[in-house]
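Worksheet for the structure shown next.
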Amino acid sequence: MDDTTPKMVPIQNQNKIEQIVNSLKKMIIDGGLKPGTSLPAERELSAQLGVSRFSLREAFQVAKSQGLITVSRGKRVQVANPSPDAVAEIMSVALERSTTSYLDLIEARECLECQIARFAAQRADVSDIHMLVENLADLKRNQDHLSSCVEIDLRFHHLLVKASRNVVFEVMLAPLAQLLRESREQTMKADGVTRAIQGHEKILSSVKAHDAEAAAAAMSKHLKMAKSDLKRFERT
């Protein structure tokens, strides 16, 4: 660490661990520390903060769970690469413990994924389109294998997120992964695979044509079909 790195402010007794984590966060952000940058040694950090190394290590675990740092045995703590994984894990647990229904999920997806499809159509490059084409072909080849179709279907929507070039969409949708998986398992038990293929074909066609409004409309229709399948399943 050089002299330009922000110095740590000594921690008060109340909410000690939370304050340490916030100080680490501030040091990383204010110091413009890039992923992979090593933080000062434990002895130096604990002295700056006025806390024990035990408290510092406890705070490291919290910061690690938040995706701020990486902790490896025998190595200095490092700044982590930005990732939605930590947020996704926390939010997934919260959602699974809530009374959220699959129909609530579809409503939320309608707000997000129509816009994702619109941006994907505007921004997709040759590589993005190639991966979407391969994904659709893979879905058609696996129509008789429900579990495979569910994963391929989820991958299609993830590829659209990547093609949108907006990392915030990825952060927002990542926590929904398990609920999405469960939802697709339900809707594909009937004729959902056939309907999924039809929906994906229309979305892909619009993305290939770089027709943003058509892509958004195709996604809207696709999700309305999924909502209809869910309602029919819930009545049986």
Those trypsin sites (Lys or Arg not before Pro) from the stretch 130-171 that are DSSP loop and have at most 15 other Cβ neighbours within 10 Å turn out to be ARG165
Descending semi-axes in whole angstrom, ellipsoid equivalent of the stretch 85-235, from the Cα gyration tensor:
22, 19, 14
Count charges around VAL150 for me, please; just the other residues with Cβ under 14 Å from its Cβ, Lys/Arg as +1, Asp/Glu as -1.
-2
Can you sort ILE28, ILE116, ILE203 by how many other beta carbons sit within 10 Å, fewest first?
ILE28, ILE116, ILE203
List the residues whose amide H sits under 5 Å from the amide H of ILE69, counting only those 5 or more places along or on another chain, with H placed 1.01 Å from N in the peptide plane.
LYS64, ALA80
Using θ = phi - 60° and the Karplus relation 6.51 cos²θ - 1.76 cosθ + 1.60, list the HN-Hα couplings for the stretch 34-39 in order, rounded to whole Hz, with x at every Gly or Pro.
7, x, x, 5, 7, 7
Hey, what do the phi angles of the stretch 51-67 turn into as Karplus ³J(HN,Hα) couplings, whole Hz, using 6.51/-1.76/1.60 and θ = phi - 60°, x for Gly and Pro?
10, 6, 5, 4, 5, 4, 5, 5, 5, 4, 5, 5, 5, 5, 5, 8, x
In the neighbourhood of SER38 defined by beta carbon distances under 10 Å, the net charge of the other residues (Lys, Arg +1; Asp, Glu -1) is +2
Averaged over all directions, how much area does the convex hull of the C-alpha atoms of the stretch 16-79 cover when projected, in nm²?
3.8
When the Kirkwood hydrodynamic radius is evaluated over all pairs of different C-alpha atoms of the stretch 140-228, what value in angstrom, to one decimal, is obtained?
13.5
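We did not get these values from a lab; they are worked out from the coordinates using the rules stated. Computed from a prediction, not measured in an experiment: that's the story for all the values here. A quick note on method: Cβ atoms are made from the backbone with ideal geometry, for glycine too, and the neighbour counts reach across all protein chains shown.
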